[in-house]
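Comments concern the structure below.
Each reported figure results from applying straightforward, stated rules to the coordinates on display, with no laboratory input. Source: prediction; values computed, not measured. In this analysis, Cβ positions are derived from the backbone assuming ideal geometry, glycine residues included, and neighbour counts consider all displayed protein chains.
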Amino acid sequence: KRAAELRDELLFKQPESTHLGDCAICMIPLPIDLDYSTIMSCCSKIICDGCSLANTMRLMEASLGQVCPFCRKPAPTEEESAKYTMKRVAANDPVAMCQKGAKFYVEGDHSSAFEYFTKAAKLGDVETHNHLSVLYHDGHGVDRNEKKEMYHLEEAAIGGHPRARYNLALIEGRRYGRYDRATKHYIIAAGQGHDGSLKWLVENHKRGLIKKEVLDAALRAHQAAVDATKSPQREEAKEF
């Protein structure tokens, strides 16, 4: 019982940041929408679009070839990118392992995807815990297992993954009827800037299930999280 209580204390603690952390260049929190950042295959660093655009413009003005904004290696071809990834996999880079696993998953090789995701998760990669929860839910590359699905979702949520926490909330409410736990997850995810979680809170406030003060606090936390990811360079990149 005490172990379960300690687990919940860890699970329902508001993470200091999302699993993505900060851009490796500007050190501003990365947006949770992955469309606005890039994982560099050469160094496994995540660079926001604002810094990527600034780097591109600077190099163009100097008539220089494109290089990675972080490690300064020349922009790789598709073949070189694959080699970089495997080199980093060999060096036990969990981000590269996650990328390799994701590639196998898209190609339909779920067993290999499971192998790479499992290795990356053991090395502490949060994203792969989320991927593993999907594999255990769908029974792809591994037998379906609801207990392990929940475990990996919880590990991802503890690591700051807002989408995983949102999915965890859905399961807690719809599958198990544990609405108090689900609501806590929605509140935490909304505080990380997750739009779907905030929408759930708004809709359930209209139904009289969420108190106004709870919703107001969630709205403020959500806006603060979104504002923290903004910068002039990122806004320029969106316009560009």
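Can you compute the charge dipole magnitude of region 160-233 about its Cα centre, using +1 on each Lys and Arg Cβ and -1 on each Asp and Glu Cβ, nothing else charged? Give it in debye, rounded to the nearest 20.
Computed about the Cα centre, the dipole is about 260 debye.
At a threshold of 8 angstrom on Cα-Cα distance, excluding pairs fewer than six apart, so keeping six or more, what relative contact order does the chain reach in percent?
This gives 18 percent for the chain.
Over the alpha-carbon set of region 160-233, divide Rg by the Kirkwood Rh and report the Rg/Rh ratio to two decimals.
On the Cα set of region 160-233, Rg over Rh gives 1.01.
Report the label-to-label distance for Thr77 and Arg174 in nanometres (one decimal), using points 7 Å from each Cα along the Cα→Cβ vector.
Distance between the two pseudo-spin positions: 4.5 nm.
Past the 18 angstrom mark, what percentage of all C-alpha to C-alpha distances in region 101-162 do you count?
Counting pairs separated by more than 18 Å, the tail of P(r) holds 26 percent.
Kirkwood Rh over Cα pairs of region 37-118 into Stokes-Einstein at 37 °C, 0.692 mPa s: D in µm²/s? List each step's numbers first, then the result.
Numbers: Rh = 13.7 Å.
Translational D for this selection: 240 µm²/s.
Each label point is 7 Å from the Cα along the Cα-to-Cβ direction; what then is the distance between the points at Phe12 and Leu219, in nm?
Computed distance between label sites Phe12 and Leu219 equals 2.5 nm.
Could you give the size of the charge dipole of the chain about its Cα centre, using +1 on the Cβ of each K and R and -1 on the Cβ of each D and E, expressed in debye and rounded to the nearest 20?
660 debye
Which trypsin sites (Lys or Arg not before Pro) does region 1-58 hold that lie in a coil by DSSP with at most 12 other beta carbons within 10 Å?
Listed in order of number, the matching sites are Lys1, Lys13.
Between Glu107 and Met27, 0.36 nm times their residue separation minus their Cα-Cα distance comes to what?
25.4 nm
What's the whole-number percent of alpha carbon pairs in region 1-156 lying beyond 20 angstrom?
58 percent
Filter the trypsin sites (Lys or Arg not before Pro) in region 130-176 to those in DSSP coil with at most 16 other Cβ atoms within 10 Å of their Cβ, and list the result.
Within region 130-176, the qualifying trypsin sites (Lys or Arg not before Pro) (loop, at most 16 other Cβ atoms within 10 Å) are Arg144.
For Lys122, give me every one of the lysines with a C-alpha distance below 24 angstrom, ignoring sequence neighbours fewer than eight places off in its own chain.
Lys13, Lys45, Lys83, Lys87, Lys100, Lys103, Lys147, Lys148
Residues with beta-carbon under 15 Å from that of Ile171, excluding Ile171: net charge, scoring Lys, Arg +1 and Asp, Glu -1?
Values: positive: Arg144, Lys147, Lys148, Arg163, Arg165, Arg174, Arg175, Arg178, Arg181, Lys184; negative: Asp138, Glu146, Glu149, Glu154, Glu155, Glu172, Asp180.
Neighbour charge sum, excluding Ile171 itself: +3.
Using a simple charge model, +1 on the beta-carbon of Lys and Arg, -1 on the beta-carbon of Asp and Glu, nothing else, what dipole does region 92-156 show about its Cα centre, in debye to the nearest 20? Walk me through the intermediate numbers first.
Numbers: 7 positive and 12 negative charges, 25 e Å.
For this selection, approximately 120 debye.
Can you give me the pair-distance distribution of region 166-208, C-alpha pairs, 5 Å bins, whole percents?
All Cα pairs considered, the percentages come to 6, 28, 32, 26, 8, 0.
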